[in-house]
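One structure is given below, encoded as structure tokens.
The values are calculated or read from the model by the stated rules, or taken from the named source; none is laboratory data. Model, not experiment: these values are computed from the prediction. Cβ atoms come from the backbone with ideal geometry, glycine included; neighbour counts cover every protein chain shown. Surface areas here come from the heavy atoms of the whole protein model, side chains and all, with no ligands, DNA or RNA. Shrake-Rupley method; radii C 1.70, N 1.55, O 1.52, S 1.80 Å.
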Amino acid sequence: MAAANSIRGTGTASIHERFPYKWIALSNTTLGILMAAINGSSLIIALPAIFRGIHVNPLAANSESLLLWVLMGYNVATTILLVAFGRISDSIGRVRLYNLGFAIFTLGSILLFLTPGKGITGEWELIIFRMVQGIGGAFLYANSTAIITDAFPPHERGLAIGLNGIAGMAGAVIGIVVGGILATVGWRYVFLINVPFGLAGTVWAYIALRELDMDRPPLHMDWLGNLTFAAGLLGVALALTYSINPHGHHATGWSSPFVLGSLIGGVVLLVAFVLIEAYVAKQPMFQLRLFRIRGFTLGNLAQFLMALSQMGLQFMIIIWLQGIWLPLHGVSYTNTPLQAGIDTLPMMVGFVVSGPLAGRISDRLGARLLGSAGLGVAAVGFVLMTTLPANFSYWTFAVYIFLLGLGMGMFAAPNSAAIMNSVPAQYRGAASGMRTTFMNTGTLLSMGLFFTLVITRLSHHLPGAMVRGLSRFPLPHALVLGIAHLPPVAALFSALLGYNPMRVLLPSTVLKLLPPPMVTTLLGKHFFPGLISAPFLTSLHEVFWIGMAMVLAGAVASALRGPRYIFDEPTGKTTWEIRRRNYLILALLAVWGARRGAKENASVAERNRLVRALTLLIAVLGDARRLEATGDGRNSERREPSQRRGF
């Protein structure tokens, strides 16, 4: 052990002599973001191949909810554990637990590759192993932004976080393309993409990263707060995912006692969590005092609303392309993952174009203008998406999703930098965990919310479309009416997986009575996507309007965050410094305006005005000298009055 530490120490010293530490920290956190982004996008693209590989039947009961949990299990584990891991990291060391996150994430990826089960068993194994990945992701997300904030000065943090954002989008692009390619080779290989990045990150973090913030508060875990938060969020997530399944004679599950109980219980537990954090916990999981900082509160609200609109949008677009648009344009289901990935690249390009530039500009101007403008651009993109017809031109679609990516890129880096700049150094781990918790909660709820909204609207539009489509064939009317009440969630996932349910829903006795060309049409790969295309698009347009409302609300929150503010930093002009400078300018203007009082023939009123102006100037200058002498100018005076209390 001593020899290993000696080797590590020698290697670390050599690396730090050759490269500034801030770039070492950025390279490692960028690797973590890259790995997580590749993991997310490759799974979404390859999902049809994965479920065909483990032989999932989309018409089987509850298979759709389990499919959603394969996607959401990672986010559930990450979101529940983020803040707790941030608190532990503040006390034990951010670098140490960040390195542990790389190792656990890599282990989860290997387990996913080795998944032995088939059918429902295989789905459950994928969910469990994805949660193992999520535990590692929680360690990474809870500490990456805090490590960057520790390493970079305030005027460079926006650029650093912007570069991290580029890595995230580059990872999304790599995941989409490589995931699409590997999905055609073998679904297991999709999970091996992360392993080289995980191994490299584990070694690089162990060798090169070091702890900078040694002001560590003692560790006191808020067990009651952690349990109520985890159970409450889990209840809401269960309600959203199982609400898409039919219950009784209803197309959705909102009449199910389990769904209603999960939702009500989850909301009650989340309310209890807030009360526990405010009045019971001595060392709360959420540092509620941070919400006294306006920039922190409104920045997180804006980020939550953006995340709430983003992930569901991305998955709906993937379903639209893979399950409907591409098959109708002659692309085989074997190639739809790769083609869908390529077709969604303009959104990633928009983010990459605007992300670093916006981060750099926000280092000088702050996040309010850029963040609000970015979400405004994204709102325009949502509105334009509602104008697309079923048989749209690809280049029109590409321009619209490019605008969506451009707007979200303009918002992401400035907003993240502004949130982290607004908090004290000793709370950066907790603040980073809280920031990512809000983002992941929005992402988690986005998938369930968008699915619920689309399925709810589809239950109104789909039966009529299916009756009209099937009535073109000489089928018994009673049979047509029965097929028309196919659960919308089964129809949607059948399309995504390239499965034509007519092969099961039409009895062989009926098919034998039809002419062979009609049978070929009904059971072909183009009939069912064409049948549900129009009702799905109508439902999706309605959901796009809801997404537009979300990002506009986020833009309002971003606009209300206040001017650029940096908490407790020895460099850079802060809000309080700017105010003091403005007071000095006003005092000098007052003296200049009262200059007539210095003349011999000045009236008493003019002389009194000059005396008051000089008194004001002396007070401002005296206050500045006192602050410099006591050192308060570097600390308390840089805090806005509302932000001094409690810190």
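Assorted remarks:
- Qualifying residue in region 484-494 (condition: open to solvent by 60 Å² or more (accessible area, probe 1.4 Å) and either more than 30 Å from residue 411 (Cα to Cα) or among the β-branched types (Val, Ile, Thr) (or both)): yes
- When we screen 479, 514, 462 for residues that are open to solvent by less than 50 Å² (accessible area, probe 1.4 Å) and not in a helix (DSSP H, G or I), the only hit is 514.
- Test: residue in region 305-326 that is hydrophobic (A, V, I, L, M, F, W, C) and exposed (fewer than 15 other Cβ atoms within 10 Å of the Cβ): no
- When region 482-511 is filtered for residues that are within 19 Å of residue 51 (Cα to Cα), assigned to a helix (DSSP H, G or I) and without any contact (Cβ under 8 Å) to a residue 60 or more places away in the chain, the ones remaining, listed by number, are 491, 503.
- Scanning region 527-548 for any residue that is open to solvent by less than 50 Å² (accessible area, probe 1.4 Å), closer than 15 Å to residue 380 by Cβ, out of contact with any Lys or Arg (no Cβ under 6 Å at 6 or more places or on another chain) and of a type in the set (Val, Ile, Thr) turns up nothing.
- Within region 131-152, the set of residues being open to solvent by 10 Å² or more (accessible area, probe 1.4 Å) and modelled with pLDDT of 90 or more comprises 131, 132, 135.
- Residue match in region 108-120 (condition: among the charged types (D, E, K, R), part of a helix (DSSP H, G or I) and surrounded by fewer than 24 Cβ atoms within 10 Å (Cβ to Cβ)): no
- Annotation: of all residues in region 371-418 being more than 18 Å from residue 356 (Cβ to Cβ) and at pLDDT below 85, the one that is surrounded by the fewest Cβ atoms within 10 Å (Cβ to Cβ) is 391.
- Test: residue in region 212-224 that is outside any loop (DSSP other than H, G, I, E, B), open to solvent by less than 70 Å² (accessible area, probe 1.4 Å) and modelled with pLDDT of 80 or more: no
- Residues of region 63-103 that are within 24 Å of residue 50 (Cα to Cα), surrounded by fewer than 24 Cβ atoms within 10 Å (Cβ to Cβ) and hydroxyl-bearing (Ser, Thr, Tyr): 63, 65.
- Qualifying positions in region 544-581 - modelled with pLDDT under 85 and of a type in the set (A, V, I, L, M, F, W, C): 566, 567, 576, 578
- Within region 240-262, being in a helix (DSSP H, G or I) and either more than 28 Å from the chain's Cα centre (by Cα) or surrounded by fewer than 20 Cβ atoms within 10 Å (Cβ to Cβ) (or both) holds for 257, 258, 260, 261.
- Against the test of being closer than 17 Å to residue 144 by Cβ, of a type in the set (Lys, Arg) and open to solvent by 10 Å² or more (accessible area, probe 1.4 Å), the options 428, 364, 360, 368 yield a single qualifying residue, 428.
- Every pair of residues 6+ apart whose Cβ atoms lie under 8 Å, when the first sits in region 169-190 and is farther than 18 Å from residue 32 by Cβ and touching a residue at least 60 places away in the same chain (Cβ under 8 Å) while the second is open to solvent by 20 Å² or more (accessible area, probe 1.4 Å) and among the aromatic types (Phe, Trp, Tyr): 182/189; 188/113; 189/113
- Among residues of region 140-158, those that are in a helix (DSSP H, G or I) and within 20 Å of residue 361 (Cα to Cα), counted: 9
- Checking every residue in region 283-303 against the condition of being of a type in the set (A, V, I, L, M), over 30 Å from residue 484 (Cα atoms) and assigned to a loop (DSSP other than H, G, I, E, B) gives at least one match.
- When region 284-297 is limited to residues that are buried (at least 24 other Cβ atoms within 10 Å of the Cβ) and closer than 21 Å to residue 556 by Cβ, the one that is modelled with the highest pLDDT turns out to be 296.
- Residue 337 fulfils the conditions (1) surrounded by fewer than 22 Cβ atoms within 10 Å (Cβ to Cβ); (2) not in a loop (DSSP other than H, G, I, E, B) except for a single criterion, (1).
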